[in-house]
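Take a look at the structure set out below.
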């Protein structure tokens, strides 16, 4: 799992940037959003904008992940990595969070399955001077701790005004990549470049030949499915390439009131009866596995009675919603 932190002061446009990131890269994302207050709003906007189901959104309110909630925050990131295992986890901290504290906490839990990417910060160009005067510690920390600084809300400003702002940002963070032109004009390769840069500045090397030879593995536990018909629909889509290039899949699950074992190989599938004790697990092997789409066929054992959405508790203050 690769962790990409998108920071920025209140109202800078972090959520809009994340929506653009998802639209331009086509990658599978999970988003952990830290709202400042008791009610989350931006999470609903992200869910509404991703009707195709390629994004999962977690929300945390009533606490800042860079201070009092950082213990629960780190534990929940580890839980997400070990249970859901998305390709990318995008973290949107509260606008008044200290980016240096957030990245320091994430570095403590980084290991071979979790990689921290170089963070970015979104800066509202119209409010730069005001916020730098009124909230100097937070504002400087966000800018100075980022690898890339994107300026927002300056599309209509004259070039000389953007250049002046760029110089001031460069004075605060000489090592950062300062982008005063709006990110909407970026090419897909530039967007993808943000997801290839590690925290230390090095980049992932793509080895297409190796990717072709070595398939990926995606496992699920504690699952069931609504009915045998729903399972057959899943298997049909698997063998027809709708959920990635799956070369092998097998599992034992409860389908409605029945317990079923399924097996997929050589473009065909089989279904047999199974023991109740073995039910609740599945594994998928292949390339370009559409994890999010596969997850949406299944139900976790715990369901929320207040909503038609399927939910999984990750840690106190967090919930994962599937539409």
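FYI, it's all coordinate maths here, none of it is from the lab. Small disclaimer: the values here were computed from a predicted structure and weren't measured. All Cβ positions, glycine included, derive from the backbone under ideal geometry; neighbour counts span all protein chains shown.
Per-structure values
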{"quantity": "Point-to-point label distance, residue 175-residue 258, nm (Cα→Cβ direction, 7 Å offset)", "calculated": "6.0 nm"}
{"quantity": "Whole-number Å³ per residue for the convex hull built on Cα positions in region 211-301", "calculated": "83 Å³"}
{"quantity": "Residue-span extension gain [residue 248 to residue 96] - 0.36 nm each, minus C-alpha spacing", "calculated": "50.1 nm"}
{"quantity": "Cβ-Cβ FRET estimate between residue 239 and residue 87, R0 fixed at 35 Å, reported to 0.05", "calculated": "0.95"}
{"quantity": "Pair residue 10, residue 187: separation of 7 Å Cα→Cβ label points (nm)", "calculated": "4.0 nm"}
{"quantity": "Centre separation in Å (Cα based) which lies between region 224-252 and region 266-301", "calculated": "6 Å"}
{"quantity": "Model label zone, residue 288; criterion: amide N under 14 Å from point 7 Å along Cα-to-beta-carbon; scope region 1-31", "calculated": "26-28"}
